[in-house]
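The values are calculated or read from the model by the stated rules, or taken from the named source; none is laboratory data. Please read these numbers as outputs of a predicted model, since none were measured by experiment. Virtual Cβ from ideal backbone geometry, glycine too; neighbours counted across all protein chains shown.
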Amino acid sequence: MWNKEHHFPRRWLVVWGILVWALVWGTNGAHAQDQKWQERRTQHFAILYPDVPEARPAVEQYAQFVDGVYDELSAVFSYRTPPPVVLRIYPTMELYERVNPLAAQMPGVVAHAHTGRREISIALPQTVDQPPDQIVNNVRHELTHIIAADLSGDKLTTAFQEGIAQYLEHPSAELDTKMQLMQQVVAADRVLPWSELNRPGVAYADPRISYPQSYTMVAFLIKRNGFATFRTFLEQTKTSSGYRGALETAYNVSPDQLEREWRAQLDTFINGAYRERAVGAFDLSQAEALIARGEYELAAQQLDAALKTLNSAEQGPLAEQAQTLLKRARDGQRVNTLAKTAREALIRGDYAGAQRAAEEGQLLLNELGQPAQLQVMEQYSSLAAEGSAAQQQLRDARGNLRTLRIVAARTALADAYRTFTRLGDTDNASAAQTTLLRIQRTETGLAVALVLLAALIIGWNIHRRVNERDHALPFS
């Protein structure tokens, strides 16, 4: 939960108020009595709103971008929170104060998430003066809370929850403000030990300290080992007795060592290095691993989402790297298509088509460096070559038959029949077998005819000899 105004003391007190209220009361009673809600569905969201004129334009505004935020964060975490996520829009503060009575006493509240119900609530009047990117960040921040809660079994400490939710917001002027405040915290020697920051209630006791510090803590961990390791930490939190055990399991070093490293680089980070960091949420090693495993479609989805953010954040070098990886993922998708094409062509006996697909696939797989998949494609190519050779044998056999070269035709047909049978090509195997049977019947007919001819010749010879003998006898 993060209040988006730039007056830090008021903002964080508001957030603390919301948290206490949400923990004690929940939000069930609020969806209040007597209020009828309309629903606007998107691919991943159910946007709920009262059917009043001031709500309708905002509903369409949110509908245009919420699915993109969902896809982006799903790519970042390699996890899709079960849809639909509920986005409940309150067009007036009166309605919002029904769901959160403390908002009337603490102005400045913008949004909050109910992780258990996977629901985000937006106080629309509080967003009127916000720029479009900040409005999108409101949703991005709250949806991050929901996903982090899913992955951690809702056991992630508040400091890490707020740290990762801030980290995944797109860069804005607010980040500079946070780091300026963190500089003051360091100068005043008020930096909290991690053990203190992660105690229940502490993160909201003085948000001016805890919010910037939680951001630097998460940014350090992601820079140190990448986002995939941080995600492992989230998952380990689900089964660990506390955040320290989860950190040690995920990072393979003690939490104290991690904290010392974080503190050693903190001054450099808050005095400018935070601006130079890559958009670390998009740990491209995840996409690289997916490509290496042959999971090209998922890699392409992640990289597509990453590039939208990297380009908007003007992260040129990282965007170029992501673009290169995306080409590899697209090539991999093409390989999968070619493998399917080759396989189907083999099944229907289109060996030339199978050969073309297999050869193109081999070229791409050599570039991708995928020896296991290359072996499969080479096998397709070999089978296609055998099938093509058998088809040529079938054609040659028919030519031999026309010139009465029966033995050569029979040999070629027998070889072709065996090959087609091994390939499962029933049509061509049947054609070869039919021709062989025709040769066999022809040969049988010829044999019978020859026997009959021989019998006739023998009979004629006997008859001729008898006649000749009769004429040769004396006194005939």
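Some points to look at:
- Some residue of segment 181-189 being at pLDDT below 90 and either surrounded by fewer than 17 Cβ atoms within 10 Å (Cβ to Cβ) or in contact with a Lys or Arg (Cβ under 9 Å, 6 or more places away or on another chain) (or both): no
- Any hit, segment 370-381, residues being surrounded by 15 or more Cβ atoms within 10 Å (Cβ to Cβ), under 26 Å from LYS327 (Cα atoms), touching a helix residue (DSSP H, G or I) at 6+ places or on another chain (Cβ under 8 Å) and of a type in the set (Ser, Thr, Tyr): yes
- Selection count where residues are farther than 19 Å from TYR274 by Cα and hydrophobic (A, V, I, L, M, F, W, C), scope segment 152-192: 3
Residues checked against (1) assigned to a helix (DSSP H, G or I); (2) touching a strand residue (DSSP E or B) at 6+ places or on another chain (Cβ under 7 Å); (3) among the charged types (D, E, K, R); (4) modelled with pLDDT of 90 or more:
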residue	(1), (2), (3), (4)
ALA281	no, no, no, no
ALA305	yes, no, no, no
THR337	yes, no, no, yes
THR341	yes, no, no, yes
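- One residue stands out in segment 199-242 among those that are charged (D, E, K, R) and not in a helix (DSSP H, G or I): the one that is nearest to the chain's Cα centre (by Cα), namely ARG199.
Table: residues versus (1) at pLDDT below 95; (2) in contact with a Gly (Cβ under 6 Å, 6 or more places away or on another chain); (3) buried (at least 21 other Cβ atoms within 10 Å of the Cβ); (4) not aliphatic (A, V, I, L, M).
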position	(1), (2), (3), (4)
VAL69	yes, no, yes, no
TYR79	yes, no, no, yes
PRO84	no, no, no, yes
MET93	yes, no, no, no
TYR96	yes, no, yes, yes
ALA103	yes, no, yes, no
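- Lone qualifier among GLY387, GLY353, GLY361 - being in contact with a Phe, Trp or Tyr (Cβ under 6 Å, 6 or more places away or on another chain) and in a helix (DSSP H, G or I): GLY387
- Failed criterion for THR421 (all others in (1) β-branched (Val, Ile, Thr); (2) surrounded by fewer than 17 Cβ atoms within 10 Å (Cβ to Cβ); (3) touching a residue at least 40 places away in the same chain (Cβ under 8 Å) hold): (3)
- Within segment 60-74, residues that are over 17 Å from GLU169 (Cβ atoms) sit with their Cβ atoms under 8 Å from residues that are charged (D, E, K, R), at 6+ positions apart or across chains, in these pairs: GLU60/ARG40; ALA63/ARG40.
- Looking at LEU413, LEU368, just one residue is modelled with pLDDT under 80, within 28 Å of ILE347 (Cβ to Cβ) and of a type in the set (A, V, I, L, M, F, W, C), and that residue is LEU413.
- Listed by first and then second residue, the pairs with beta-carbon distance under 9 Å, at least 6 apart or on different chains, first residue in segment 239-251 and free of Cβ contacts under 8 Å to residues at least 40 places away in the same chain, second exposed (fewer than 15 other Cβ atoms within 10 Å of the Cβ) and of a type in the set (A, V, I, L, M), are LEU247/VAL253.
- Output for segment 293-316, where each listed residue is farther than 16 Å from ALA75 by Cα and either surrounded by 19 or more Cβ atoms within 10 Å (Cβ to Cβ) or touching a residue at least 12 places away in the same chain (Cβ under 8 Å) (or both): GLY294, SER312, ALA313, GLN315
- With respect to the conditions (1) at pLDDT 95 or above; (2) out of contact with any His (no Cβ under 7 Å at 6 or more places or on another chain); (3) within 28 Å of VAL85 (Cα to Cα); (4) not basic (Lys, Arg), TYR167 falls short on a single one, namely (1).
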